[in-house]
Amino acid sequence: MQKRLSLALAAALLFTPALAQGTGSSTQTSTPAVSTISKNTGSTNRAGTRSAHHPMTLHRAAVDVNTATLAQLERIPGMTPRLAREVLLARAKGPFKNDLDLMRRVKGIGPQTLKKVAPYLKFA
């Protein structure tokens, strides 16, 4: 009796992932749902993943450094709270002309940090 129960539980554990995927075989390998990033817009298929023919686009709106709040600056990947405060302090002396002006005037923003944050910034 105990052996039968163990076999039934083992079979249930083996077949549960296959049934959840909608297949009858547990030997089929599955691939995780990963979204593709490109400049094209995409559509979502029935499983909630993006198809290869219509890749997903991830757009994050650029933040105007000359008008952004502290909270907006802190949400930029690569921008620490300290750097965001430094940007506000430097901006108080006048607007930034471009990314090189930002790097020159803000203590703590060097070439590496600028490379991380530049895609999320605009200078209007």
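What about Ile76, is it touching a Phe, Trp or Tyr at 6+ places or on another chain (Cβ under 6 Å) and surrounded by 14 or more Cβ atoms within 10 Å (Cβ to Cβ)?
yes
Among the residues of the stretch 75-86, are any out of contact with any helix residue (DSSP H, G or I) (no Cβ under 7 Å at 6 or more places or on another chain), acidic (Asp, Glu) and modelled with pLDDT of 55 or more?
So far as the stretch 75-86 goes, yes, one or more of its residues are out of contact with any helix residue (DSSP H, G or I) (no Cβ under 7 Å at 6 or more places or on another chain), acidic (Asp, Glu) and modelled with pLDDT of 55 or more.
What number of residues within the stretch 85-102 are within 18 Å of Ala124 (Cβ to Cβ) and either in contact (Cβ under 8 Å) with a residue 40 or more places away in the chain or surrounded by 17 or more Cβ atoms within 10 Å (Cβ to Cβ) (or both)?
6
For the stretch 72-84, give me each residue that is in a helix (DSSP H, G or I) and either closer than 13 Å to Val117 by Cβ or without any contact (Cβ under 8 Å) to a residue 24 or more places away in the chain (or both).
In the first step, residues of the stretch 72-84 are kept if they are in a helix (DSSP H, G or I); the result is 72-74, 81-84.
The answer is Gln72, Leu73, Glu74, Pro81, Leu83, Ala84.
The values are calculated or read from the model by the stated rules, or taken from the named source; none is laboratory data. Since the model is a prediction, treat every value here as computed from it, not as a measurement. When we count neighbours, we look across all protein chains shown, and the Cβ atoms used for this are built from the backbone with ideal geometry, even at glycine.
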